[in-house]
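Novice: Here it is, the structure in full.
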Amino acid sequence: MPNSKGRKRRFGSIRKTSLGEFQASYLGPDGRRHFAPHRFKRERDADRWLNGVEALIIAGDWTDPERAKVTLGEYAERWIKERPGLRPRTVELYRWLLRKHVMPYIGGVELRKLSAATFRQWRADRLEAGVSASVLAKCYRLLRGILNTAVDPDAIITKNPCKIAGAEKESPEERPLVTVAQVFQIAEKMPERFAAMVLLAAFGSLRYGEVVALRRCDVAADGSWVRVSRSFGEVPGKGFVAGPPKSRAGVRTVILPEAIRGEIVAHLKTFVKPDKEALLFTLAESGNPVRRPNFAQRTKWTETVTKLGLKGVHFHDLRHAGNVWASKAGMSTRDLMARMGHDDMRAALIYQRATSDADRLIADRLSKLVEEHRQKPAD
């Protein structure tokens, strides 16, 4: 096609407008004519743009620019809906991050207009506004994942513009590490029906949602193991919702230390109905699952741990302590990750289970720690 001076072009065409600007267009692989997103002041700039488009077509990286006119917000919402395997809590977190920190600022920008500079400026502005680096790291990982899909397999854009070195890293504050003695002090101060929750979280490395979702059928009659196959999560507007554990490696069987099995058996006999589907932990008057606010209120958690000299300790810190103790049992990283329900080493942990022997050694080591605590004379 001829250019503005009548010279025939090998690819595309350039037309000079009545305003003295240059408009570039080309026939795409789809047989349709596509125009540059803007006019050019110089013909050589229009020519350079066409050369870039031609290179993309030759390399097989061309995408229909019309599809990239969808906004980041619209595409992100579609991205979430097309992932039915996401846990309810995860969906709520993603939508909250988008609603709070993305949509008001860059949610209306079309995918084709996003650039690395867009995301650098967005992050800098949010940091200046006081948003923590940890929250922005979550936002960044979400946005990067969304736009990775836009590149492949959706082929809406040719490359991911969401690239900021180090932006994906979180630096959470170091949590307090409670001792074996302190775990038992906390358990003793709990209402009796919740004491076993504390022990399972600490000596079984269980998350809160995993503990409260346990049923009679998930626990050995002799208290020797618990099976984690689901987790409760709270979703605004829906209440408590049962879903899969936090990760694929979260589906696991954990062998419990022999030294605490008696407490687990006693709890089963005293507080759990005989039905195999009966929850291990419920509110006494209603039999409903124990939501976090209920647990905090019934146990007076904040007041209790403060009186024990453990101000600031959260329920999740019990699991953290259990993970640390287990790590000192001399097991391999793979066995430890399996017990904890982590899948960070995804290549090695796709439905990986720690061997029974390895897990039993961990449980025996934890049992020795409990026995050492019990043998110490009272202060």
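The values are calculated or read from the model by the stated rules, or taken from the named source; none is laboratory data. Remember, it's a predicted structure, so these values are computed and weren't measured experimentally. So basically every Cβ, Gly included, is an ideal-geometry build from the backbone, and we count neighbours across all protein chains shown. Only protein heavy atoms, including side chains, enter the accessible area calculation; ligands, DNA and RNA are left aside. Shrake-Rupley method; radii C 1.70, N 1.55, O 1.52, S 1.80 Å.
Novice: For segment 1-100, state the average projected area of the convex hull of the C-alpha atoms over all orientations, rounded to one decimal in nm². Mind showing how you got there, number by number?
Specialist: Details: hull surface 37.5 nm².
Taking the Cα atoms of segment 1-100, their convex hull projects to 9.4 nm² on average.
Novice: If amide H atoms are built 1.01 Å from N in the plane of the peptide, which residues on other chains or at least 5 residues away come under 5 Å of the amide H of S231?
Specialist: Long-range HN contacts for S231: G243.
Novice: May I pose another question? Taking only C-alpha pairs under 8 Å that are 6+ residues apart, what is the relative contact order of segment 33-130 in percent?
Specialist: Relative contact order for segment 33-130 comes out at 32 percent.
Novice: For F281, which sequence-distant residues (separation of 5 or more, or a different chain) have an amide H within less than 5 Å of its own amide H, given hydrogens modelled in the peptide plane?
Specialist: none
Novice: Whole-Hz Karplus ³J(HN,Hα) for segment 79-94, in order, using 6.51 cos²θ - 1.76 cosθ + 1.60 and θ = phi - 60°, x for Gly and Pro?
Specialist: Each residue of segment 79-94 in turn: 4, 5, 4, 7, 10, x, x, 5, 5, x, 5, 5, 4, 5, 5, 4 Hz.
Novice: Apply the a/c threshold of 1.5 to the C-alpha gyration tensor of segment 275-336 and tell me whether it is rounded, prolate or oblate.
Specialist: Oblate shape, in that a/c is at least 1.5 and b/c is the bigger or equal ratio.
Novice: Still on this structure, I have one more. Considering Cα pairs under 8 angstrom that are at least six residues apart, work out the relative contact order of segment 107-240 and quote it in whole percent.
Specialist: About 15 percent, as a whole number.
Novice: Largest first, please: the extent of the C-alpha atoms of segment 162-227 along each principal axis, to the nearest Å.
Specialist: Sorted from largest, the Cα extents of segment 162-227 read 51, 28, 19 Å.
Novice: Which whole-Hz ³J(HN,Hα) couplings does segment 260-270 yield from phi under the Karplus relation 6.51 cos²θ - 1.76 cosθ + 1.60, θ = phi - 60°, glycine and proline marked x?
Specialist: The phi angles translate into 10, 5, x, 5, 5, 4, 4, 5, 4, 6, 8 Hz.
Novice: Give the peptides 268-279, 116-127 in descending order of average Cβ contacts within 10 Å, highest first.
Specialist: Values: 268-279: 13.2, 116-127: 15.5.
Taking the mean over residues of other Cβ atoms within 10 Å, the ranking is 116-127, 268-279.
Novice: Let me ask something additional. Please report, to two decimal places, log10 I(q)/I(0) for the chain at q = 0.07, 0.14, 0.15 Å⁻¹ as given by the Debye formula with identical point scatterers on the Cα atoms and no solvent.
Specialist: Log10 of I(q)/I(0), two decimals: -0.48, -1.22, -1.33.
Novice: Which whole-number percent is the relative contact order of segment 122-197 (Cα, under 8 Å, 6+ apart)?
Specialist: 25 percent
Novice: Now for a separate question. Determine the calculated [θ] at 222 nm for the chain from helices alone, applying -39500 (n - 2.57) to every DSSP H run no shorter than 4 residues and normalising by the residue count; nearest 500 deg cm²/dmol.
Specialist: Calculated at 222 nm, the ellipticity per residue is -13000 deg cm²/dmol.
Novice: Over segment 111-208, what percent of the accessible surface lies on carbon and sulfur atoms, probe 1.4 Å?
Specialist: 48 percent
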